[in-house]
Structure formats: structure tokens, C-alpha cells
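Since the structure comes first, as C-alpha cells, the remarks are kept for the end.
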Amino acid sequence: MAKRRALIIDSQEQDAQNLKEALEDGGYQVAVAFNSHDGLRLAQDLFPEVVLLAIQSPGLNGLQILRDLKKRGTTKDLLVLILLEKFDEEYAAQGLQMGAADYLLKAASQDLLLRRVGVLARIRHQDRQRRDVISRYKGFFDGEQHGLFLSSREGRFLDVNQNLIRLLGYGDRNELLEIDIENDLYFDPQDRQHFREIIESQGYVENLKVNFKRKDGEKISMLLSGRVVRDEKGDIAGYEGYNVEVSEHPEAAPLEEQPEERRFLGRLLKHLVPKILPYGADFFSLMKMTELIAERYEKVERLGLGSFGEVWKVRDIEREGRAPYYVAKIPTSKKLNNRFRKEAAICRRLEGHPNSTKIIDVVEERGRVVLIQEFVEGPTLRELLEGPLEKNRKEKILLQLVDIVTHAHKHRIVHRDIKPENIVVRRDSVVKLLDYGVAKELKEKDISSTMVGSRPFMAPEQISGESQIASDVWALGIVMYAIYTGYLPFYHDNEKILMDLILTMEPRPPREVEPDIPVELERIILKCLKKDPKERFADAGILKATIRETFPQFGNS
């Protein structure tokens, strides 16, 4: 165990030495300063548990040193014990008013010195522990993507995280802390009593479906999971909530066998919360509230957040057994509903192809259209490109990618955002092209008039707001270039310069970067990257046929 640190500031060397020896006998690590400059520097550098300051020492302006310690952000919380040559009521009172923690005569016995310093050192240690717990507590609370809250048994919120404030539609934390949980939160006030009866009678609840009220009165469905936490006497100390798998046994494992997060939360609830939070309640519940989409799909994990909406990994609670995971795409506002309906329609037109993503459901949640899609598990092509890829695996990925884009082009659908991040390779090596959010169904000879896509993969005509089927061929060429060279043919951190490169510069031939690339494959890649879309392959189907004709064993070795 590390020794407690003490700092002595005293201009009288013999007195300072006597104090140093007494404290070292008591197990302290001691530093000494004989002037104000060194004293302030050591206080800041060492951050001791206790500072012993001789405020009446000759040539040392002790009260000014105390004032300087208390006004500096790095030292203002240090505990200062002022030492008096002889008792002086005015000096002692002034020192305490300026922030000193205690005073003591220099002539005091070693036993009294160690006792007074020991009390201050213990206070300092506990204060550090408290600050550490608060920091971890706030980090856990604010970092949780679901709604979290602490509540008293009487039905008042004690603390809430930002996600809960957002879910319930309140303006800020203080506004939500003022509500009565039973009457203002539960859609049916009897549900709260029902929840308490269940968890306290059987010791746990698992995925209990509850309807809450948003601030605007709109109903929002949640799942509550939790178990009773008991103190050393066996009395109920509170509840802690987790989303546990159905197969898990309701009885909790011994504390030392639980994950670190649970061990920390258990200690937090039972021992630390009453000491660190500014309320005097004896009973606390820490619960996780998991929002349901359309009263059916449980939000499990947020996968992404963008300008158009957010993407969540979800589970269907109405499916029995170990329900599969799905993906929910939720728009930021009702104004995007038509866009999401069009994406669903496009995905349904492409259904049946092994490399398309399946639409499971289209539901409404608080007036917003939500897409429920299959959950594709596996690394993205971008992640795979961070390491070496075998020749045959490259070819299999490319063939499947070109095949699904060919299928889309046959239906006059242009994806407009083909990039490695939207390409997932499952464990069974099946490739899935995701995110048809900016895809468009084109009429005969139609051209999209909106600049959309990801900049390094955008064709020159996309930059001009004139996407067409050949624009996907350009993106496929960029992906092929990246797979075979490990580089992008056009890239710059500055977006304006990047777009200028795409519009005006010819790509560096792939064989100059990677000489092992076959000459015929280089020709195919460079044809995909022609500035004029009329000089490219007209669609992905022609690209696929060219690859097959040029390399009959492509992907089969």
C-alpha cells in the first residue's frame, strides 16, 4: 500500500526536521519546503494528503501562502493544517476562515500530531475515493445508450441520463426530476405497483413490458429487466436493471464472479450512492429502460447515427426462444417518411437475390416510418481491407458484389452509395450490399438530379448532381482498385480538392501501385473509371460478363 504524502512548509529548518521525523515515524512520505515558492510548487506537483503550514514562521508569509493555495485550481482542495508557534486566537480564526482544515501548536506531542494529521489524511483519501466513484458513475451513466435512472422507493427520480431525457421528450434533467413517477411516468399508474410487487416477491423481473408517458402524453413502450439488490443484513437495498438473456438463471452469480460493470454497480448501489449523491433517501433503484419500437422490437444496441436517422440492432420480443436480431432504421423526423418508404420498396423489389438485404417489417413509431431489416453479421469490406486478402477471396467478394449491382440495374435501380463500409461479408462468405437509403429507381433514360453518395466513391457526374447507372460502375471500379492496390485512386482530406481530383485527374494505373495485377484486369478497372460515363461499361451486367469472359476461372480457383 502506498504511503500517505505530507508536505511541511516552514522556514525554520530544525522545526521542519523535527516534524518530518515525527511524521516519517508515523508512516508518512514527507517533503519539506523552506519558502513560499518551493511550498507552492511541491503542493502542486506532489498533491499531498495534508499540508502542514507554519503560518507564524519568521520570513514566511504563511497566510499569503494559504491564500495562494486556496485560489489555485490545482491546490484549492488540499487539506491544510496550520501550525502555530504559540496560540493566537486571531491567527487561528483567520486561517480557518481562509480555508485551513485545522490548527495545531508546534509544541504538541507527537501522538497528538499524528492523530490530527491522520484524521485529515483519512478525509482526503475518502474524498479522492468519492471523486473517483462520481467520475466512474457519471461516465457509466452518461455513456449508456439506453435510458438509465435512479429513483427512490417513494417514486421520485434522483438522477437521470441524457438518453432518458430524450426518450421521454423532456427539456432538461431538472424538469424530469420534478415529476411524480407513478402518476406522470406510467401510462397506467397501477403498473408501477405491479412492477414492485413482482420484483420484490420473486427477486427479479425479466423483460417486463411497460407503457410510459412522454411529456407530450404520447405512449412509449419499454422493457424493464432487473433484480433485487440486498444489503449485508439481507434487506432490500434497491434494484439494478440489466437486459439478460432468456437462458440466464434469475439468481445472480456471486459478486466476485460477475463482470466488472456489475461488480461496480453492485458496490455503487449498496455502499456508495448514499454517500456521493446529494439526497438523503435510504432506498435507490438503478434501472435500465429499453425502448420498444411499435411495442414489439426491443432496442438492443445502437449501430449508427447520422443526419437522416439512427440504426439500431433490435430483437422481436414476440418471437419465442432465442429470437434473431434485426436492424431498425429510424428517421430523424416524419419529413423523411417518404424516403424510408421508397427504400423499403426498393429492397422488396430486390428480394430473392442472395446478396440483397431482406425487409422484415415496416412499422410506425410516433409517426415515423421505421424499417426492420435482416441483421447481417460479419466484417465490412473496409475492415477486411485493413489486412491481407487471398486472391480467391478477393475474386469471390467482387463477383458477388457485381452480381447484386447487376440485379439492381436490371430493375433500373441505381444504388448511388457503393463503398466498402456498405459491403458486409458474412461468416459463410456471402456478401451483402447494405444501405439503399439514397438508392433511386430510374425511369427509362432517366438521370437523378441530386448530388448524393460518399465523396471518394462518387463519379464525376454525381458531383454535378446527375447520377445514372454508370455511376455505380464507377464506384465498383473504385472498390476494385482499392481491393487490388490497397489505395483509393482519388483522395484528399479537403473535400473541394478531392472533387477537383475526381473531375480533372486521371487515376494512377493500378499496376504502377501493384505490379502483380494482370494487365487485362487493370484495363477493366480503368474502363470503370473513365470520366465520361458513356466510355464506361454501360451497367454492372456488362462489367460482370467482361470479367467472366476475360477470366473464366475468376473466383473458382
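Above 14 Å lies some portion of the pair distances; for segment 59-110, what is it as a whole percent of all C-alpha pairs? Percentage above 14 Å: 51. The simple spin-label model puts a point 7 Å past each Cα toward its Cβ; for Asp428 and Gln94 those points are separated by 8.5 nm. Remark on segment 297-374: Rg and Dmax equal 12.5, 37 Å (Cα only). Each residue, Leu488 and Asp184, gets one label point 7 Å from its Cα in the Cβ direction; the gap between the two is 4.8 nm. Count neighbours as other Cβ atoms within 10 Å of each site's Cβ, and list the GluC sites (Glu not before Pro) in segment 363-420 that are DSSP loop with at most 13 such neighbours. Those that pass, being in a loop and sparsely packed, are Glu377, Glu386, Glu390. Placing unit charges on the Cβ atoms of the charged side chains and taking the dipole of segment 297-374 about its Cα centre, the candidate lying farthest along the positive direction among Ser307, Tyr325, His353 is Ser307.
With only alpha-carbon pairs counted, each pair once and no self-pairs, how large is the Kirkwood hydrodynamic radius of segment 1-117 in angstroms?
One decimal place: 13.9 Å for the Kirkwood radius.
The gain in end-to-end length when the Arg348 to Ile123 segment is fully stretched comes to 74.4 nm, 0.36 nm per residue minus the alpha carbon separation. Beyond 20 Å, the tail of the calculated P(r) for segment 381-550 holds 48 percent of the Cα pairs. Separation of the alpha carbons by more than 25 angstrom is noted, of Lys209/Lys432; Lys342/Lys432; Lys396/Lys527, for Lys209/Lys432. Computed extension length for Asn211-Glu386: 58.5 nm, one decimal, from 0.36 nm per residue of separation with the Cα-Cα distance subtracted.
Every read-out reported here was derived from the displayed coordinates using simple, explicitly stated rules and does not represent laboratory data. These numbers come from a predicted model, not from an experiment. A quick note on method: Cβ atoms are made from the backbone with ideal geometry, for glycine too, and the neighbour counts reach across all protein chains shown.
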